[in-house]
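What follows is a single structure, written as structure tokens, with notes after it.
Every number in this text was worked out from the coordinates using simple rules, so none of it is lab data. Computed from a predicted structure; not experimentally measured. Neighbour counts run over all protein chains shown; Cβ positions are idealised from the backbone, glycine included.
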Ligand SMILES: [Cu+2]
């Protein structure tokens with residue numbers, strides 16, 4: 001008799017297992033379903049003590065006491081990658097500006113936010129986001145034919161010089177002054193073409209940010225990574241900068257613009273992550 005009892009218990013256990021695995025198949029988070037999903041990155045440009053930046057309006061005082069405001073605030077983001085809980089990296093169209101580079105233009109902000117939408121992102125739990133500020137030499141040196149689409153986009157957005165000089169990485173324009181923001185400035189950062197051949201600094205920078213909440217990409221959940229860019233870093237960052245007649249109309253990769261770049265590299269933080277249905 002004992003053997004029958006054992007077999008029937010075994011049969012019940014097996015049935016329960018089959019039923020529960022069957023329910024699992026209907027679950028959103030079926031581990032067998034590896035369909036890729038989408039992910040969104042939100043860029044919100046602000047001054048951390050004043051909130052979002054309104055072009056031609058929001059006026060900040062730098063750590064050196066200088067008033068300043070922006071009329072133009074744009075930068076190029078490329079080589080986005082997502083790093084999972086095991087440190088494995090998913091690279092989104094690496095060194096392929098046509099598909100993997102984006103222009104964050106404050107003039108395009110909707111309620112203070114500029115959106116970047118990534119598609120075909122492998123289903124995974126991501127812990128970090130990484131991206132480049134500017135265009136890497138590896139991408140630029142592919143030549144114009146390798147990135148005609150993004151080059152034209154950059155041109156239309158005023159984010160290019162001649163092909164020989166290349167892309168503008170960050171374009172900051174506005175007004176500044178000691179007591180009021182009434183004098184024009186423009187600081188345009190970027191590489192001077194092939195930096196090795198030209199013996200000029202490489203201003204391309206990579207930034208890695210921890211996500212405060214895991215971004216869980218599935219074919220149903222499209223996480224949204226909400227990044228704040230604190231433009232206080234521009235003049236009041238690691239190296240305090242003062243605008244003056246020597247540097248207020250500068251383009252390229254001069255020492256002042258290297259300092260601007262290094263300051264801006266520190267401006268990004270992930271404020272929060274939404275795991276919302278797509
Ligand atoms: Cu948000």
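Normalise the Debye intensity by I(0) for the range 34-277, one equal point scatterer per Cα, no solvent, then take log10 at q = 0.11, 0.16 Å⁻¹ and round to two decimals.
-0.57, -1.17
When a/c is below 1.5 the answer is rounded, else prolate if a/b is larger than b/c, else oblate, so apply that to the range 148-197 with a ≥ b ≥ c taken from the square roots of the Cα gyration tensor eigenvalues.
Numbers: a/c = 4.62, a/b = 2.01, b/c = 2.29.
Verdict is oblate for the range 148-197.
Quickly estimate the mean residue ellipticity at 222 nm for the chain, helices only: each DSSP H run with n ≥ 4 gives -39500 (n - 2.57), and the total goes over all residues, rounded to 500.
Numbers: 7 runs with 61 residues, N = 278.
Taking each H run of at least 4 residues, the total per residue is -6000 deg cm²/dmol.
Roughly what angle does helix 255-264 make with the longest principal axis of the chain, taking Cα atoms, 0 to 90 degrees, to the nearest 10?
Here the helix axis deviates by roughly 30 degrees.
Once the principal axes of the Cα atoms of the range 221-278 are found, what is the range along each, listed largest first in whole angstroms?
51, 20, 14
Suppose R0 equals 22 Å. What FRET efficiency, 1/(1 + (r/R0)^6) with r the Cβ-Cβ distance, do residue 178 and residue 50 give to the nearest 0.05?
Numbers: r = 19 Å, r/R0 = 0.88.
E(calc), rounded to 0.05, equals 0.70.
Would you please classify the overall shape of the range 154-278 from the alpha carbon gyration tensor, given that a ≥ b ≥ c denote the square roots of the eigenvalues, rounded means a/c under 1.5, and beyond that prolate means a/b larger than b/c while oblate covers the rest? Please report the intermediate quantities before stating the final value.
On the way: a/c = 2.23, a/b = 1.56, b/c = 1.43.
Prolate, because a/c is 1.5 or more and a/b exceeds b/c.
Between 0 and 90 degrees, rounded to the nearest ten: what's the tilt of helix 2-26 against the longest Cα principal axis of the chain?
With rounding to tens, the tilt is 30 degrees.
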